[in-house]
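Structure, as structure tokens:
Quick note: the coordinates plus some simple rules give every number you see, no bench work behind them. Values in this document were obtained by computation on a predicted structure and should not be read as measured data. Don't worry about glycine lacking a Cβ; one is built from the backbone with ideal geometry, like all the others, and counts go over all protein chains shown.
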Amino acid sequence: MKAKITIFGILLWAFTGCVQKTTTQTVVYKLSIKNIKDIKTVGVRGNNKPLSWQSDYPMTFDRQDSTYKATVTYITGYKFTEVKFVVNDEFELADQDNRKVNFSDKDTTIYTATFNVKNNY
Amino acid sequence: MKTITSQSGQAFYANSSSSILQLIGKYLYKMIEPILLPNWWQDFLMVLPRIVCGILLTVDFGAAKFGLPWSPVDKNLGLFEVAYWFPNDVAEYGGIFAKFSVFFAWMGAFSEAVGGLFLALGFLTRPFSFLIVCTMLVAIFCQQIDNGTWNMLPAMGFLWVALYQMILGSGRFGIDYLLTSRRS
């Protein structure tokens, strides 16, 4: 009987309890754009849902601090995500690595960037 | 009288359990005993793709989605944990994969991460090669089939290596050989 309970416990653990736990992470992206005229669309793309590499997650212009903003909520187990910004359907940082956004220990991470300029943090 | 019955019962269980162990040992021995090629250098050439594929599987493909001591720290994976996104990906294959997505995700990731390590070491080569073959068949036919031949190539490469290792076993260069050569 003990053996059966042990085997059942191991199977239960193996089939249900062994998936990485997820948390909700909110990232506020703030993007400055310099030297680009005739901006039609601004977005952020990345490898964690709700972002994707195929279509923009739209960013809206904030007149107060003259930046484009998007608030993205991730449900993830990782401590980071990777993104790139897109203006008029053109990716920034061509042939370079993606931007790595490390989540803060608090609920919300603020990520400030300039289009096509890699952050040093 | 009771004592005699109890003792004979214990003896029966002892005999039957030892015979079961012997039987398991016999099958395990048969399962891991490698087929040796005529010359050692032939085994040496055969071991190269096995080690390269095993290391790639355990260090790169497996460790990214299955918690091992060498998994990247920022992936935040506990030991033997499967990455949070993998069961969802597996569920998208539909059918039985949707019903038992956690099981298949865990087994697939385990096959790559732990199976890759054991493949590189040549330990329990045939059973782990079998698991890798199953995982790669799923990767080819359920995940990459619509993405063209180029995207299927990595899984196909692992499939071919695991397939012939499943037949040959570890050869002379593996733990299986060390374990079985002493007995024979």
Item to check | For segment A:1-107, Kirkwood radius (reciprocal of mean inverse C-alpha pair distance, Å) | outcome: 16.5
Item to check | Most mobile of B:G116, B:G108, B:G94 in a GNM of chain B (Cα contacts under 10 Å) | outcome: B:G94
Checklist entry - Hey, which of these cross-link pairs are over 25 Å Cα-Cα: A:K30/A:K106; A:K34/A:K106; B:K26/B:K65; A:K30/A:K79; A:K21/A:K69; B:K65/B:K99? => result A:K34/A:K106; B:K26/B:K65; A:K21/A:K69
Next on the checklist: I need to check one value: relative contact order of chain A, counting alpha carbon pairs closer than 8 Å and at least 6 residues apart, in percent.
Outcome noted: 32
Checklist outcome for this item: Cα pairs beyond 23 Å in segment B:9-108, in percent, come to 59
Checklist outcome for this item: The summed charge of the A:N98 Cβ neighbourhood (under 13 Å; Lys/Arg +1, Asp/Glu -1) stands at +1
Checklist entry - How many Å³ per residue does the convex hull of the Cα positions in chain B occupy? => result 170
Checklist outcome for this item: From fewest to most C-beta neighbours within 10 Å, the residues B:L57, B:L179 line up as B:L179, B:L57
Item to check | Along each principal axis, Cα extent of segment A:69-121, largest first, Å | outcome: 30, 21, 18
Next on the checklist: Which residue fluctuates most in the GNM of chain B (Cα springs below 10 Å): B:I51, B:I20, B:I145?
Outcome noted: B:I20
Checklist entry - What is the protein assembly as shown by shape, rounded, prolate or oblate, if you read a ≥ b ≥ c off the alpha carbon gyration tensor as root eigenvalues and call it rounded for a/c under 1.5, prolate for a/b larger than b/c, and oblate otherwise? => result prolate
Checklist outcome for this item: When all Cα-Cα pair distances of segment B:111-184 are considered, the percent exceeding 16 Å is 49
Checklist entry - Between segment B:15-89 and segment B:106-184, how many Å separate their Cα centres? => result 7
Checklist entry - Using the 10 angstrom Cβ neighbour count as an exposure proxy, how do B:M31, A:M1 rank, fewest first? => result A:M1, B:M31
